[in-house]
Amino acid sequence: MNLNKLMKQAQKMQEQMAKTQAELEQKTVEVSAGGGKVKVTANGAGDVIAIKIDKEVVDPNDVEFLEEMVLSAVKQAIEQGKALAQSEMTKITGGLGGMAIPGLQ
């Protein structure tokens, strides 16, 4: 196998991954909890970028319920954002998973 060709392929893959990571920051997923009363938006980088809470679920006598809904929605949004990122990266790497190639992890 030609080492130079392999290095060029690895460099191209790394460039594609960097481009995809930048694009993932612009892609979003939205998760709802409590019948749509709590909505969390995250991006493909796994960052939470918005939380919307309907006034109807803000009950000073039951803060725990709201906390649980928000936490659940945040966890799901982050998970879905990471899954989106993993899916996009797998398209580039073909499932190589980095195979000890620097910069591909």
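Return yes when residue 14 is surrounded by 12 or more Cβ atoms within 10 Å (Cβ to Cβ) and not in a strand (DSSP E or B) and no when it is not. It is true that residue 14 is surrounded by 12 or more Cβ atoms within 10 Å (Cβ to Cβ) and not in a strand (DSSP E or B). Kindly indicate the residue of the range 77-97 that is modelled with pLDDT of 85 or more and of a type in the set (D, E, K, R) and also nearest to residue 18 (Cα to Cα) among those meeting that condition. Here the residue is 82.
Of all the residues in the range 22-44, those that are buried (at least 17 other Cβ atoms within 10 Å of the Cβ) and of a type outside the set (Lys, Arg) number 12.
Take the residues in the range 17-55 that are outside any loop (DSSP other than H, G, I, E, B) and free of Cβ contacts under 8 Å to residues at least 12 places away in the same chain, then tell me which one is nearest to the chain's Cα centre (by Cα). Looking at the filtered set, the residue picked out is 22. Within the range 67-84, residues that are in contact (Cβ under 8 Å) with a residue 60 or more places away in the chain sit with their Cβ atoms under 9 Å from residues that are part of a helix (DSSP H, G or I), at 6+ positions apart or across chains, in these pairs: 84/24. Whether a residue is loosely packed, with under 14 Cβ neighbours inside 10 Å and at pLDDT 85 or above was assessed, and residue 70 does not pass this test. Taken together, the residues in the range 18-63 that are under 16 Å from residue 79 (Cα atoms) and small (Gly, Ala, Ser) amount to 7.
The values are calculated or read from the model by the stated rules, or taken from the named source; none is laboratory data. For clarity, every value in this text was computed on a predicted model and none was experimentally measured. Neighbour counts are summed over all protein chains in view; Cβ atoms, including those assigned to glycine, are modelled from backbone coordinates with ideal geometry.
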